[in-house]
Amino acid sequence: MRGDQAFAYVTAGALDQVKVFDTRTNTVVQTVPTGDSPHGVAVSPDGTRVYVANNNSTTISVFAADARTGQLTALTTITGAGTRLVTWC
């Protein structure tokens, strides 16, 4: 969730997607593709970047987040060169 709690970013692992929810209306305002089996979301402190860990593809999808609409734009994919990028505790 963003710091201002206006939008929530939720992974749909089986669908390889992240969904953007407007928390004021409780509706999905955007669905975007990710890597294989997304599991975990982090939002930068300023709310401008969203990072999605893709468990099966060992990648991280990086998105720019629009400050007004919460909409995501794909920026890049960080690859792990065959290693796990995320460790779950």
Discussion item. Restricting to the range 30-89, give me the number of residues that are touching a His at 6+ places or on another chain (Cβ under 9 Å) and modelled with pLDDT of 90 or more.
Written reply: 3
Worksheet item: Would you say residue 12 is aliphatic (A, V, I, L, M), within 12 Å of residue 63 (Cα to Cα) and surrounded by fewer than 17 Cβ atoms within 10 Å (Cβ to Cβ)?
Response: no
Item to complete: Hey, can you tell me all the residues within the range 1-32 that are in contact (Cβ under 8 Å) with a residue 40 or more places away in the chain, of a type outside the set (S, T, N, Q) and more than 16 Å from residue 68 (Cβ to Cβ)?
Response: 1, 13, 18, 32
Practice prompt. Identify all residues within the range 51-79 that are out of contact with any Pro (no Cβ under 8 Å at 6 or more places or on another chain), of a type outside the set (Lys, Arg) and part of a loop (DSSP other than H, G, I, E, B); write none if there are none.
Written response: 56, 57, 58, 66, 67, 69, 70, 71
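The values are calculated or read from the model by the stated rules, or taken from the named source; none is laboratory data. A quick note: this is a predicted structure, and the numbers were derived from the prediction, not measured. As a convention, Cβ positions derive from the backbone with ideal geometry for all residues, glycine included, and neighbour counts pool all protein chains shown.
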